[in-house]
1. Hey, what did the chain get for relative contact order, percent, Cα under 8 Å, at least 6 apart?
2. Using θ = phi - 60° and the Karplus curve 6.51 cos²θ - 1.76 cosθ + 1.60, what whole-Hz ³J(HN,Hα) does each residue of segment 53-62 get, with Gly and Pro shown as x?
3. Could you size up the charge dipole of the chain around its Cα centre, putting +1 on the beta carbon of Lys and Arg and -1 on that of Asp and Glu, and report it in debye to the nearest 20?
4. On a 0 to 90° scale, report how tilted helix 20-32 is relative to the longest principal axis of the chain, with both axes built from alpha carbons and the result rounded to the nearest 10.
5. Consider the candidate values (1) 19.0, 61; (2) 16.9, 55; (3) 15.2, 46; state which one is Rg and Dmax of the Cα atoms in Å computed from the structure displayed.
6. Give a residue-ordered list of calculated ³J(HN,Hα) values for segment 5-18 (Karplus: 6.51 cos²θ - 1.76 cosθ + 1.60, θ = phi - 60°; whole Hz; x for Gly, Pro).
7. Using θ = phi - 60° and the Karplus curve 6.51 cos²θ - 1.76 cosθ + 1.60, what whole-Hz ³J(HN,Hα) does each residue of segment 63-68 get, with Gly and Pro shown as x?
8. Which angle from 0 to 90°, rounded to the nearest 10, does the C-alpha axis of helix 34-52 make with the longest principal axis of the chain?
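No lab work stands behind these numbers, since they all come straight from the coordinates. Note that the structure is predicted; figures quoted are calculated from it, not measured. A quick note on method: Cβ atoms are made from the backbone with ideal geometry, for glycine too, and the neighbour counts reach across all protein chains shown.
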Amino acid sequence: MIKTTTYSDLINYAYNEHGLIDGDRTQRAIDGDPNLKSEYDEIFVVMNTLDSAAPQVPDRCIEKILQFC
């Protein structure tokens, strides 16, 4: 049976949420399909961008929190 690799599979693979067999299957699919590799690379760029983004908390929120301390 042939199993196609979905966008969800790529995201799970990027976050290392696959088991050994599914991870290996996804890696082989990425290696064998330039379009799939491109999609995976885009996911990886977005993940790195999100990881490096620092959340900005408005001063008014900090002031409200400090009122309760």
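1. Details: 20 pairs, mean separation 17.9, N = 69.
Once normalised by length, the contact order is 26 percent.
2. For segment 53-62, the Karplus-derived couplings read 6, 9, x, 9, 9, x, 4, 4, 5, 5 Hz, x marking Gly and Pro.
3. Working: 6 positive and 12 negative charges, 35 e Å.
Roughly 160 debye, rounded to the nearest 20.
4. Helix 20-32 and the main axis of the chain meet at about 70 degrees.
5. (1)
6. Those phi angles translate into 8, 9, 4, 4, 4, 5, 5, 4, 5, 4, 8, 6, 9, 8 Hz.
7. Once rounded to whole Hz, the list reads 4, 5, 5, 5, 5, 8.
8. Approximately 20 degrees, to the nearest ten.
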